[in-house]
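Heads up: the structure comes next, in structure tokens.
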Amino acid sequence: MQKIVTLTRHIIEEQRKHPTATGEFTNLINDLAFAIKLISYNTNKAGLLDVLGEAGTTNVQGEKVKKLDVFAHETMFRALDHGGHLCVMGSEEEEKPIAIPSQFPIGKYVILFDPLDGSSNIEANVSVGTIFSIYRRVTPDGTPGTLEDLLQPGSEQICAGYVVYGSSTMLVYTTGNGVHGFTLDPSYGEFVLSHPDIKIPKKGKIYSVNESNFDYWDQSIKNYVHYIKQIDPDSGRPMNSRYIGSMVSDFHRNLLYGGIFLYPASKRAPRGKLRLAYEANPMAFIIEQAGGRASDGHNRIMDIVPTELHQRTPLFIGSEEDVNMVEEFIRGERP
Ligand code: AHG
Ligand code: MN
Ligand code: MN
């Protein structure tokens with residue numbers, strides 16, 4: 001019989017490498033995986049519910065087609081609130097830190113998440129995702145977690161991952177020991193290891209950016225994007241443009257094929273658009289573990305010390321040589 005490595009088995013085997021592990025982390029990931037299966041199931045039928053809604057059946061609307069990102073947020077919260085593993089949560093959909101309800105025990109971990117990434121795409125049947133980031137708490141054990149627990153630099157992450165709800169549902173995660181991808185087998189509802197130890201090529205062919213922002217960019221970014229589109233087959237140019245507008249999907253494709261995703265600061269968004277805590281940091285942990293880089297143009301993303309929960313950051317992430325090159329343009333080392 002073929003060896004099937006489920007997500008649970010993979011996490012247990014990873015945990016065994018740490019002599020002090022209690023299994024609590026494994027349970028946290030299991031709760032998370034359950035939330036993800038529910039979100040996957042509901043995003044897959046979102047289109048169908050919309051059709052029914054338009055036919056005038058108000059019953060089907062109401063509860064069920066509540067905006068999917070709110071549904072995803074509530075699903076994450078409810079799957080994670082009672083396990084006793086967490087002391088606080090942070091979500092894109094909630095302005096303040098989310099406390100663990102008082103009837104449940106308080107744990108030693110902290111989670112941040114973007115429950116549904118790329119949700120503006122969902123009605124067009126384009127892939128969306130979920131992103132998560134896990135830390136150990138820094139405030140005293142047994143007390144409710146605080147903002148301080150949520151404002152740790154990305155370098156302190158102990159686990160990060162994302163899920164793509166695409167033609168299949170895939171979960172990609174790291175605990176600092178490589179990047180591993182699992183595909184959800186819908187017939188028995190398990191995540192099965194399909195992409196062990198993912199590595200990103202050192203140099204990619206793809207660039208992903210919302211080029212409608214061109215006129216809002218600094219000259220250095222304009223120069224870089226102009227450069228990578230010039231014809232010079234010897235240096236692999238022009239690079240190929242691919243932009244979905246769902247970071248998870250754009251990132252996932254670039255991770256597998258090689259390339260760069262950039263969302264620079266601009267006159268329109270002076271600090272960038274993407275959020276440090278639950279978009280940039282988890283993807284940065286994954287890309288570094290896959291051999292790539294993540295930068296805000298000047299600094300390593302995971303070295304930034306956050307001051308706000310929903311802080312934004314410019315983001316340049318992907319193949320090492322491509323991120324190096326855009327930094328050279330930003331520093332003015334290339335014309
Ligand atoms: P979210 O759906 O969680 O708000 O995130 C959307 C983000 C990200 O997924 C994507 O890369 C980016 O917004 C797209 O922004 P533009 O539409 O400005 O290109
Ligand atoms: Mn997002
Ligand atoms: Mn979102």
Under a Cβ-only charge scheme (Lys and Arg +1, Asp and Glu -1), can you give me the dipole magnitude of the stretch 206-330 about the Cα centre, in debye to the nearest 20?
460 debye
Checked the stretch 257-335 against the a/c 1.5 cut and the a/b vs b/c comparison, axes a ≥ b ≥ c from its Cα gyration tensor; verdict oblate
Where Lys and Arg each count +1 and Asp and Glu each count -1, what net charge lies around Arg137 among other residues with Cβ under 13 Å from its Cβ?
-3
How high is the relative contact order of the chain, given as a whole-number percent (alpha carbon pairs under 8 Å, six or more residues apart)?
15 percent
Under a 1.4 angstrom probe, counting protein chains only, how are Glu321, Glu327, Glu92, Glu123 ranked by accessible area, largest first?
Glu123, Glu321, Glu92, Glu327
At a 10 angstrom cut-off on C-beta neighbours, averaged per residue, how do the peptides 211-222, 27-38, 191-202, 251-262 rank from highest to lowest?
251-262, 27-38, 191-202, 211-222
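Determine the share of the chain's accessible area contributed by carbon and sulfur atoms, expressed in whole percent, with a 1.4 angstrom probe.
Carbon-and-sulfur percentage of accessible area, whole number: 51.
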To the nearest 500 deg cm²/dmol, what mean residue ellipticity at 222 nm is calculated for the chain from DSSP H runs of n ≥ 4 alone, each contributing -39,500 (n - 2.57), summed and divided by the residues?
-9000 deg cm²/dmol
Projected onto the charge dipole of the stretch 7-195 (unit charges on the beta-carbon of Lys, Arg, Asp and Glu, signs +1, +1, -1, -1), the Cα from Ser187, Ser119, Phe104 with the largest positive-side position is that of Ser187
The stretch 206-330 accessible area per residue, 1.4 Å probe, protein heavy atoms, integer Å², reads 39 Å²
For the stretch 207-278, just say rounded, prolate or oblate: build the C-alpha gyration tensor, square-root its eigenvalues into a ≥ b ≥ c, call rounded for a/c under 1.5, and beyond that prolate if a/b exceeds b/c, oblate if not.
oblate
In the stretch 7-195, if the dipole is taken from +1 on Lys/Arg beta carbons and -1 on Asp/Glu beta carbons about the Cα centre, which of Leu151, Leu7, Thr130 is farthest to the positive end?
Leu7
By a straight-distance test (C-alpha under 25 Å), which lysines pair with Lys67 as possible cross-link partners, with residues fewer than eight away in the same chain excluded?
Lys37, Lys45, Lys96, Lys273
What does the extension gain come out to for Asn299 and Ile12, with contour length at 0.36 nm per residue minus their alpha carbon separation?
99.9 nm
Quick one: compute the contact order of the stretch 149-256, relative version, from alpha carbon pairs under 8 angstrom and 6+ residues apart, as a percent.
20 percent
What residue among Val110, Val225, Val128 shows peak mean-square fluctuation when the chain is described by a Gaussian network model with Cα springs under 10 Å?
Val225
Find the relative contact order for the stretch 7-195 and round it to a whole percent, using C-alpha pairs within less than 8 Å whose residues are 6+ positions apart.
15 percent
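Where the only charges are on Cβ atoms (+1 Lys, Arg; -1 Asp, Glu), what is the dipole of the chain about its Cα centre, to the nearest 20 debye?
460 debye
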Given a 10 angstrom Cα cut-off, can you work out which residue in Pro140, Pro97, Pro314 is the most mobile in a GNM of the chain?
Pro140
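The values are calculated or read from the model by the stated rules, or taken from the named source; none is laboratory data. This is a predicted model, so every value here is computed, not measured. FYI the Cβ positions are ideal-geometry reconstructions off the backbone, even for glycines, and counts take in every protein chain you see. Ligands, DNA and RNA are excluded from the accessible area calculation, which covers all protein heavy atoms including side chains. Shrake-Rupley method; radii C 1.70, N 1.55, O 1.52, S 1.80 Å.
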